[in-house]
1. Could you sort 11-22, 47-58 so that the peptide with the highest average Cβ count within 10 Å comes first and the rest follow in order?
2. List, in order, the whole-Hz ³J(HN,Hα) value for each residue of the stretch 8-22 obtained from phi through the Karplus relation with A = 6.51, B = -1.76, C = 1.60 and θ = phi - 60°; use x for Gly and Pro.
3. Please compute the length gained on full extension between Glu73 and Arg31, using 0.36 nm multiplied by the number of residues separating them and subtracting their Cα-Cα distance.
4. Pop out the ³J(HN,Hα) list for the stretch 80-87 in order, Karplus 6.51 cos²θ - 1.76 cosθ + 1.60 with θ = phi - 60°, rounded to Hz; leave Gly and Pro as x.
5. Read phi for every residue in the stretch 47-64 and hand back ³J(HN,Hα) as whole Hz from Karplus 6.51 cos²θ - 1.76 cosθ + 1.60, θ = phi - 60°, with x for Gly and Pro.
6. So how do 23-32, 68-77 stack up, highest first, on mean other-Cβ count within 10 Å?
Amino acid sequence: MVEETFEPGMTVSLVARRHGVAPNQLFTWRRLVAQGGLTAAGSGEEVVPASDYRALQSQVRELHRLLGKKTLETEILKEALEHAMGSKGGGPTVASGT
């Protein structure tokens with residue numbers, strides 16, 4: 001419908017009347033097209049509900065938080081191991097076979 005409004009000799013009012021749509025609605029759609037509001041749907045990308053998107057964002061934030069926590073725990077354990085090995089006389093030694 002929006003594309004029809006750009007054809008020679010066509011007006012928003014005429015196209016709206018032809019399709020049984022309020023002219024102000026068609027003007028809104030034209031504005032969205034001009035602003036790129038329909039590019040996601042037009043490019044073949046999947047469109048998901050905003051609630052699903054927010055839930056996934058929340059899940060990603062939680063996973064980042066957990067990853068940071070595990071990274072910190074790993075660093076603490078590495079330092080503790082280095083400290084324990086250092087206080088025992090320089091770390092493990094390999095027995096010679098002679």
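Bear in mind that the values in this text are calculations on the coordinates, not laboratory data. What you see is a predicted model; the values in this text were computed from it and never measured. Note that each Cβ is placed from the backbone with ideal geometry, even for glycine, and that neighbours are counted across all protein chains shown.
1. Numbers: 11-22: 13.6, 47-58: 9.4.
Averaged packing, sorted descending, gives the order 11-22, 47-58.
2. Listing the rounded values in order: x, x, 9, 10, 4, 4, 5, 5, 4, 4, 4, 9, x, 10, 5 Hz.
3. Working: separation 42, 0.36 × 42 = 15.12 nm, distance 5.21 nm.
Contour length minus the Cα-Cα distance gives 9.9 nm.
4. 5, 5, 4, 5, 5, 6, x, 7
5. Karplus values, whole Hz, x for Gly and Pro: 9, 10, x, 4, 5, 5, 4, 5, 5, 5, 4, 5, 5, 5, 4, 5, 5, 4.
6. My ranking of the peptides, most packed first, is 23-32, 68-77.
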